Structure formats: structure tokens, C-alpha cells
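Presented below is the structure to which this report refers.
The values are calculated or read from the model by the stated rules, or taken from the named source; none is laboratory data. Keep in mind that what you see is a predicted model, and the values were worked out from it rather than measured. Cβ: placed from backbone, ideal geometry, glycine included. Neighbour counts: every protein chain shown.
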Amino acid sequence: MPPAAPNSWSTGFCDCCAPPGGFGICLYAWCCGPCMYGTTVEMMPPVVCCGGSCCGACCAYIGMSFLGCPCILQMMSRGWLRSKYGIPGDGCTDCCLTCWCSPCAMCQEYRECKIRGLGPGGVELNKQNHAASPPQQQMVAVPAPYPYPPGQQYPPQPQQGYPPQQGYPPQQGYPPQQGYPPQQGYPPQQGYPPQPHA
């Protein structure tokens, strides 16, 4: 199997019988394009139309064939491979290749998925193609500051207490409140004079 090429297709467009796959994959693509498309898309993640599902991709390809434009689906999968691995190209080129020679494009995409280590559901099996994992954190012993050698304990530091808090001065009470002067009553009311009876 050829190594994965950086920022390029790992095999040529016309290398239909190249490994992996060889002549069998070439014959498979020429005899049953929808099934070959499903086999290739099964190795891609769900972000691609029907990615991860061979049966779904095959049925979608057949449905688009009835509409006369199955190349649209293949353009999407080919574009995903290009953007993921930094392969140069554009949508116009993908459209021409998938429309005029779909089996050759399918074979190239299948070989690329296999070489890159894509598996069912879009899981990459080839670990060397993954981004470098973050470095492991290492424990580093911090040297003791001068003048104490390693292993010697530091002398205990005297703890300084806080000065005693001074209390607040005693609060003086408010002056006694003087009561109001006694209220003088109203003068007794005198009754009204008797009214004469009619």
C-alpha cells in the first residue's frame, strides 16, 4: 500500500488497478457504481450525506441517478476528502471528474480512504495521520531555595499575633426624656336650655 501523500491524492486518477483494492475495486466500480459509492461513503463520517451507512448512500445514489445528477453526491464526498487532507482542487473540477468518469473518481476516493486509515463511521485507524497529541505533563522537583540543602526542613517561622483590639468607649445613654405637661381638661359642657313644647 502506498504511503499517504501530504496535501495531495495518494494515488493518481487513472490508477484504477493500484493498491489497495486493485483490479477488483475497478471492476466493482464499473459494474455497480451505486454499491461502490456506498462502500466508499461508509468509511466517512455522518457529515457527508449518508456517511457511515453503505445502504443509505447506495439508495441515495440510485435516487439521484433517476434525477440524472448522481454526481452531486459524489462531489460532496470528494470535496470532504479534499478539505480534510488539504488536497488541492475545487468544486468545478470535482463536478467534471465525477460526471464524466465517475468510476475512476470512485476508485481514487476509495483508495484514499483506505490509505488514510478511514474506517466504518469515519473512525481513523491510522494513528500516524492524527494530529500530534498534546505533550504529557511531567512532574518536576522544585529545588529548595538557597541556603537550605535538599531534605533539610525550613525553620519554623514565628507567627506574629495581631495586636489586641481596643474596645469602643462605653456608649453614653441618651438624656432622660421629659414628659409632656399634663393636659388640662376642657371646661365642663353646659347643657342646652330646655326647649319649650309646642
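Here are a few things to note about the model shown:
- Residue count, the range 1-49 (criterion: under 17 Å from Cys71 (Cβ atoms) and free of Cβ contacts under 8 Å to residues at least 12 places away in the same chain): 1
- Complete set of residues in the range 22-50 that are surrounded by fewer than 20 Cβ atoms within 10 Å (Cβ to Cβ) and small (Gly, Ala, Ser): Gly22, Gly24, Gly33
- Helices (runs of 4 or more DSSP H) wholly inside the range 1-81 containing at least 1 residues that are modelled with pLDDT under 85: 22-31
- Qualifying residue in the range 38-54 (condition: among the β-branched types (Val, Ile, Thr) and under 12 Å from Glu112 (Cβ atoms)): yes
- In the range 27-44, the residues that are of a type outside the set (Asp, Glu) and either closer than 12 Å to Gly56 by Cβ or under 26 Å from the mean Cα position of the chain (by Cα) (or both): Pro34, Tyr37, Gly38, Thr40, Val41, Met43, Met44
- Test: residue in the range 105-116 that is basic (Lys, Arg) and modelled with pLDDT under 65: no
- Scope the range 2-19; condition farther than 21 Å from Leu97 by Cα and either in contact with a helix residue (DSSP H, G or I) (Cβ under 6 Å, 6 or more places away or on another chain) or hydroxyl-bearing (Ser, Thr, Tyr) (or both); matching residues: Ala4
- Looking across the range 83-102, the residues that are in a helix (DSSP H, G or I) and either without any contact (Cβ under 8 Å) to a residue 12 or more places away in the chain or crowded, with 19+ Cβ neighbours inside 10 Å (or both) come down to Ser83, Lys84, Cys92, Thr93, Asp94, Cys96, Leu97, Thr98, Trp100, Ser102.
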